[in-house]
1. Please list 3J(HN,Hα) in residue order for the range 127-144, calculated via the Karplus relation 6.51 cos²θ - 1.76 cosθ + 1.60 where θ = phi - 60°; whole Hz, with x for glycine and proline.
2. Rounded, prolate or oblate, given the Cα gyration tensor of the chain, with a/c below 1.5 counting as rounded?
3. Of the trypsin sites (Lys or Arg not before Pro) in the range 1-78, which ones lie in a loop per DSSP and count no more than 14 other C-beta atoms within 10 Å?
4. Read phi for every residue in the range 86-91 and hand back ³J(HN,Hα) as whole Hz from Karplus 6.51 cos²θ - 1.76 cosθ + 1.60, θ = phi - 60°, with x for Gly and Pro.
5. What distance in nm separates the simple spin-label points at S45 and E244, each placed 7 Å from Cα in the Cβ direction?
6. Using a cut-off of under 17 Å, list every residue of the range 234-268 whose amide N is near the label point 7 Å from the Cα of E164 along the Cα-to-beta-carbon line.
7. Whole-Hz Karplus ³J(HN,Hα) for the range 182-194, in order, using 6.51 cos²θ - 1.76 cosθ + 1.60 and θ = phi - 60°, x for Gly and Pro?
8. Determine which lysines satisfy two conditions relative to K165: a Cα distance under 24 Å, and not lying fewer than 8 residues away in the same chain.
Amino acid sequence: MSSDPEKMMSKADKMTKLTLTRWSADWRGATELYEQAANGFRASSKYERAKVALEKASQGQVMQSSPWDAAKHMESAAALAQKLSIWDEVADFYRKASELYVECGRAQPASDALGKAARALEEVKPEDAIQLYTDACEILEEDGRDQMAFDLYRACASVYIKLEKFTDAATFFLRLGVAADKCDATNSQCKAYLSAIIVYLYGHDLKQAEKCYNDCSQIDAFLKSDQNRTASRLLTAYNEGDIEEIKKVACSSTVSNLDHAIIKLARKLPTGDVTAVQMNAGDDLDEDDLT
């Protein structure tokens with residue numbers, strides 16, 4: 001047999017087409033040739049052709065009712081698309097791989113495939129990355145594997161922060177908190193709630209930060225935690241207009257143990273006019289005081 005990958009591709013294509021003398025396609029033989037061709041193209045750095053060969057090999061495995069092997073080939077094709085900076089194909093191929101893993105009843109690799117796509121697209125297509133991270137989380141949630149999604153929640157929140165969509169970022173940290181609660185992962189839960197509060201403060205939303213703190217404090221694990229005490233100190237400092245205390249709390253060891261993206265935000269607090277916050281709080285009290 002020729003070792004020329006182009007000739008292998010041509011021969012494989014013929015094996016999948018029906019003719020007057022070929023009444024059934026030889027998908028097994030064709031798939032083996034596509035796989036060999038892909039290896040040959042990769043060895044000679046012809047990544048575009050290798051990608052095409054892997055797409056066809058994946059289709060061949062589907063035709064043989066082997067979704068697992070088909071998914072593996074789609075992931076390999078996606079990695080080559082990433083190498084070639086063909087971003088739409090990166091997302092499409094990893095999504096197809098994920099669907100094939102779901103067909104196999106394998107939630108973890110299905111989620112992993114979407115996570116790989118999201119990481120590849122974070123810088124070039126952040127909105128697409130967010131959707132991929134969200135879908136990856138939902139696959140694990142539906143399979144009762146919430147604990148395996150923790151890093152995905154954090155990664156998605158980080159992309160939202162880069163886009164300055166602070167409310168969405170905080171929402172994802174709260175989702176992480178809920179998932180952690182299901183798994184009795186108390187430390188992760190409390191860190192997620194404190195992270196959400198810091199994000200709200202960075203986004204100049206003191207009222208939402210306070211509401212978040214009050215809501216989360218209904219949960220016993222958070223109420224008794226170092227993260228709760230740190231959040232309480234931060235909010236008190238904001239309401240008193242104490243800039244030095246805000247900076248001191250933001251540099252505390254409890255904050256230093258949060259995700260890197262949150263530490264960066266905390267170190268920049270306060271971002272708004274804290275004296276204005278204090279004055280507004282005073283105005284609110286005056287309006288209520290009718291005596």
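Laboratory data are not the source of any read-out in this text; all were calculated from the coordinates shown. All of these numbers come straight from a predicted model, not from anything done at the bench. Ideal geometry is used to build each Cβ from the backbone, glycine not excepted, and the neighbour counts take in all protein chains shown.
1. For the range 127-144, the Karplus curve yields 5, 5, 4, 4, 5, 5, 4, 4, 5, 5, 5, 5, 4, 6, 4, 5, 8, x Hz.
2. prolate
3. On the way: sites: K7, K11, K14, K17, R22, R28, R42, K46, R49, K51, K56, K72; in loops: K17, R22, K46.
Sparse-neighbourhood loop trypsin sites (Lys or Arg not before Pro): K17, R22.
4. Values, residue by residue: 9, 5, 4, 5, 4, 5 Hz.
5. 6.1 nm
6. So the set is 265-266, 268.
7. Here the 3J(HN,Hα) series is 4, 9, 6, 8, 4, 4, 4, 4, 5, 5, 5, 5, 4 Hz.
8. Correct list for K165: K116, K125, K191, K207, K211, K247, K264, K268.
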